[in-house]
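One structure below.
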Ligand code: ADP
Ligand code: ADP
């Protein structure tokens, strides 16, 4: 579940953004739509507790983020949020398996190797566990990055432009993988995109349209 009311964020050296209210039920899907610069990444970072709102209320998976500080917030994020970044940010020096192990470290939990294997298996990349990210194709790397978002069964799964630079077939596959991953976890899925193909693939999803001219206060 995500509930945002009167949410606003002012960049110290940049624009003041205010966002429309939204409420997404647990297990629901939200399409965060808008052109480049509309505030999609900022909204994701607020929901992930990476940025602190200048004003407004934010409930994410039942948690009010306002009172969470520092390490407490980091552990909450590690346990509650799965994130598929646009640039996948896999650590090049670590094997695929070790990349997934890092999520336990971030959440302050002991690693569960069985869950790591299951997450890789669910994305069809268990046989790549000992490879380095540099040895993966683009599609394999995205599956690994999505697998990394899932071993802790996050309550919210965030994806930032998951179809950027993918052809139609790969884009459709990426959206399907995201939906399936969210369903397995019982997670609320948020997909931030300006890609019309994602809007078509997620027809029926709740839409939060962001418009730069409107949000820039
Ligand atoms: P989107 O993800 O939709 O492309 P962003 O959330 O990245 O949009 O950016 C929204 C607005 O905030 C843009 O005008 C952008 O230039 C500005 N912005 C983003 N990050 C920063 C920052 N660290 N400092 C100042 N301005 C920023
Ligand atoms: P880029 O947009 O340059 O590809 P990223 O994909 O790494 O950058 O990140 C996109 C946005 O997602 C960033 O603005 C960041 O605030 C946010 N973000 C980064 N890490 C996380 C995370 N663990 N959970 C949720 N959001 C994150």
The one condition residue 71 fails out of (1) away from ligand 2 (no atom under 12 Å from the Cβ); (2) at pLDDT 95 or above; (3) assigned to a helix (DSSP H, G or I) is (2)
Flagged in region 35-53 as touching a strand residue (DSSP E or B) at 6+ places or on another chain (Cβ under 6 Å) and more than 10 Å from ligand 2 (Cβ to nearest atom), in numbering order, are 39, 53
If you go through 88, 100, the only one that is crowded, with 16+ Cβ neighbours inside 10 Å, within 15 Å of ligand 2 (Cβ to nearest atom), assigned to a loop (DSSP other than H, G, I, E, B) and modelled with pLDDT of 95 or more is 88
In region 161-195, residues that are modelled with pLDDT of 95 or more, within 16 Å of ligand 1 (Cβ to nearest atom) and loosely packed, with under 14 Cβ neighbours inside 10 Å total 0
Residues of region 51-82 being within 16 Å of ligand 1 (Cβ to nearest atom) and surrounded by 15 or more Cβ atoms within 10 Å (Cβ to Cβ), in sequence order, are 51, 53, 56, 58
When every residue in region 196-217 that is at pLDDT 95 or above, buried (at least 20 other Cβ atoms within 10 Å of the Cβ) and within 12 Å of ligand 1 (Cβ to nearest atom) is compared, the one farthest from residue 31 (Cα to Cα) is 210
Output for Cβ contacts, cut-off 7 Å, separation at least six or different chains, first residue closer than 18 Å to residue 60 by Cα in region 173-198, second part of a helix (DSSP H, G or I) and more than 16 Å from ligand 1 (Cβ to nearest atom), reads 189/178; 189/179; 189/182; 191/178
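The values are calculated or read from the model by the stated rules, or taken from the named source; none is laboratory data. The structure displayed is predicted, hence computed values, not measured ones. Note that we place each Cβ from the backbone using ideal geometry, even for glycine, and neighbour counts take in every protein chain shown.
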